[in-house]
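The values are calculated or read from the model by the stated rules, or taken from the named source; none is laboratory data. Remember, predicted model here, so these are calculated numbers, not experimental data. Note that each Cβ is placed from the backbone with ideal geometry, even for glycine, and that neighbours are counted across all protein chains shown. SASA here: full protein model, heavy atoms, side chains in, ligands and nucleic acids out. Shrake-Rupley method; radii C 1.70, N 1.55, O 1.52, S 1.80 Å.
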Amino acid sequence: MHCTRISLSLRHSRNATVYMYRIVNLPVKIELVKLHKREHKSEPFLRVNKFGQVPALCVERQKGQVKFVLSESSAILKYLSEKYPSIVSESKMYSDDLREKAKIWSALDWYQTTIRSSAAGVSWHAFVAGNMGGKVSLELAKHYEERLKMSLDVLETLRLGDTFPFLNEREHPSIADLLVIEDIVNLVVLKGSPFREELSSLDQLLAERPRVRKWRDAVMRINKPLWDEIHGVLEMVAENASKKIDSESRRRRFDDVASMSRL
Ligand SMILES: N[C@@H](CCC(=O)N[C@@H](CS)C(=O)NCC(=O)O)C(=O)O
């Protein structure tokens with residue numbers, strides 16, 4: 001029996017892989033890994049992926065007998081695109097043409113050292129670290145924000161164009177669009193950051209970069225109900241954190257007024 005199993009987290013930014021499997025309906029079983037419960041560092045998960053990170057693709061020979069494990073989202077997306085060429089060519093998210101494929105790889109490689117490293121740095125230091133038992137840091141969040149803005153400017157002026165909304169001026173989205181967008185839309189968590197007044201919000205970053213905003217909307221529209229289902233969790237986490245900050249600042253204002261009136 002040959003079965004493909006994928007371990008993924010819906011709480012964090014590797015949603016590109018889930019979006020892709022579900023859009024093209026790949027025969028992959030998706031297992032959620034709860035990072036906040038540190039399941040990615042648990043013995044059973046480390047037996048599958050020794051790097052202790054999501055996503056991890058795991059091909060089992062038969063139940064419990066692992067045949068092949070692959071980490072790194074872009075490698076997983078490329079592997080599955082090559083493995084299921086008919087499915088992927090129907091959705092046009094990959095290509096049989098070497099040059100077109102190389103353009104997709106180029107966008108994926110570019111993303112790792114630009115958008116990924118900066119956007120994940122901002123999200124982590126402004127919000128996620130606080131939820132994972134660590135400390136948030138405005139200084140570090142600002143440092144990564146500078147780099148993020150430079151990367152978004154390259155995306156706006158050089159990687160996207162006006163003819164078609166997708167990367168490499170493609171008429172159809174590719175696996176690169178699905179991955180590159182994720183770290184950008186994950187910036188929604190900045191709503192719930194204690195530094196939200198000091199940092200640019202996702203909406204501000206997109207308002208200043210109309211091509212990036214148009215591209216984000218186009219990737220969402222590939223399958224809007226599915227997009228909402230996959231990204232709803234993060235929106236909810238950010239919204240709840242933001243409400244908590246609002247109510248704490250209302251309570252502080254109330255306490256200040258109460259102590260002034262006692263003077
Ligand atoms: N370069 C890797 C990054 C994977 C990654 O950073 N995954 C995060 C979730 S988005 C994770 O597993 N974090 C937990 C940890 O590093 O301990 C990829 O593209 O797959």
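The Kirkwood radius of the range 187-255, taken over pairs of alpha-carbon atoms, gives through the Stokes-Einstein law at 20 °C and 1.002 mPa s a diffusion coefficient of 157 µm² s⁻¹. Here the peptides 186-195, 253-262 are ranked by packing, the mean other Cβ count within 10 Å, and the order with the highest first is 186-195, 253-262. Projection of the Cα convex hull of the chain, averaged over all directions and equal to a quarter of that hull's surface, yields 16.3 nm².
Packing order of peptides 208-216, 91-99, 113-121, 53-61, highest average first: 53-61, 113-121, 208-216, 91-99 (average count of other Cβ atoms within 10 Å over each peptide's residues).
The residues of the chain present an accessible area of 53 Å² per residue when probed at 1.4 Å with all protein chains retained. Protein heavy-atom surface of the chain, 1.4 angstrom probe: 53% of the accessible area is carbon and sulfur, with nucleic acids and ligands not counted. Relative to its Kirkwood radius, the Cα radius of gyration of the range 140-263 gives an Rg/Rh of 1.12.
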